[in-house]
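Working notes, structure below.
The values are calculated or read from the model by the stated rules, or taken from the named source; none is laboratory data. Since the model is a prediction, treat every value here as computed from it, not as a measurement. Don't worry about glycine lacking a Cβ; one is built from the backbone with ideal geometry, like all the others, and counts go over all protein chains shown.
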Ligand code: DAH
């Protein structure tokens, strides 16, 4: 019997755990009131002959004490472990979340909108799927006129429903529904049936401007565009207007700004001319006003339209239009 107790003591000495479940199994095994080893041994103590009681008692108490200290010390280990258990280290740095960037076309579009908003232009957007009237006829493109060939059109169903080839459709939609004074800019996507290359794409973006009121003159147009050019490209920028043709404006012009890359001295980008063409403009043709039921004897106005891709390429020195549509993160991250 004494040997059995000694054997228990030997086994116990090495017992170690940090698990609450294992420690509970251990407690039950030795100390359970019903069938614990220590409890049973104490029960047997009564049957031990008197002369052996002393030795047996001592060794049994030794076993009991050992079980109790084990229970106590291991309990603190278990508690320490569970204190650490939630995998929570408040001193750890937070995960850094990569910050996205705006697409360069959005950046430039917002800048342009902002510049015109400061002089009282509000935003409107026409539909991308348009009818012939708003994209062509109301803008004074005669039927079968070669001017329609300037814009290779994607037709949707028949010749009457198409993807707009320019944001000028928005001019008509605004003039049909609002009374002058009208001061509006129309940003949006436009579509042309063109082969994709470094300089052309079948989808691109434009911003259109329209100002209709009494006594609006070409001088107002020029002043507005000069303000825009200086705000966008810098105070030193100069502009020039060259005569041009658009069916919906008369007279029409194209505007150049002094090259923002070489400051007008001549470089590759401006083809050594010192000037960059950035937009088309003109006085709204009286026919267009009348098509929208605006009295052309009472009101005049100007309009202009520019390609956002082109201006963005000039601003950032980007030489391939396709980069805007490829969503390559190495490109987009630079803005
Ligand atoms: N719609 C023309 C184009 O896509 C751009 C344009 C030129 C718009 C002159 C205008 C304007 O409003 O007056 O090429």
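Annotations
- Number of the exception - residue 113 against (1) touching a residue at least 24 places away in the same chain (Cβ under 8 Å); (2) assigned by TED's automatic domain parsing to the domain that holds residue 168; (3) over 30 Å from residue 317 (Cβ atoms); (4) in a helix (DSSP H, G or I): (3)
- Residue match in region 172-185 (condition: modelled with pLDDT of 95 or more, within 28 Å of the chain's Cα centre (by Cα) and part of a strand (DSSP E or B)): yes
- Search result, residues across region 1-40 that are more than 28 Å from residue 78 (Cα to Cα) and touching a residue at least 24 places away in the same chain (Cβ under 8 Å): 1, 2
- Inspection of region 307-324 finds no residue satisfying the criterion of being within 12 Å of the ligand (Cβ to nearest atom) and within 18 Å of residue 141 (Cα to Cα).
- Qualifying positions in region 223-269 - touching a strand residue (DSSP E or B) at 6+ places or on another chain (Cβ under 6 Å) and over 27 Å from residue 168 (Cα atoms): 264
- Residue count for region 228-237, restricted to those that are in contact (Cβ under 8 Å) with a residue 60 or more places away in the chain and either loosely packed, with under 15 Cβ neighbours inside 10 Å or within 16 Å of the ligand (Cβ to nearest atom) (or both): 1.
- The residue list 109, 148 contains one member that is in contact with a helix residue (DSSP H, G or I) (Cβ under 9 Å, 6 or more places away or on another chain) and closer than 30 Å to residue 183 by Cβ, which is 109.
- Counted residues, region 157-180 - those being in contact with a strand residue (DSSP E or B) (Cβ under 8 Å, 6 or more places away or on another chain) and within 16 Å of the ligand (Cβ to nearest atom): 12
- Across region 133-156, the qualifying residues are those that are at pLDDT 80 or above and not in a loop (DSSP other than H, G, I, E, B), and the one among them that is nearest to the ligand (Cβ to nearest atom) is 139.
- Annotation: of all residues in region 191-216 being in contact (Cβ under 8 Å) with a residue 24 or more places away in the chain and either in a helix (DSSP H, G or I) or more than 15 Å from the ligand (Cβ to nearest atom) (or both), the one that is surrounded by the fewest Cβ atoms within 10 Å (Cβ to Cβ) is 215.
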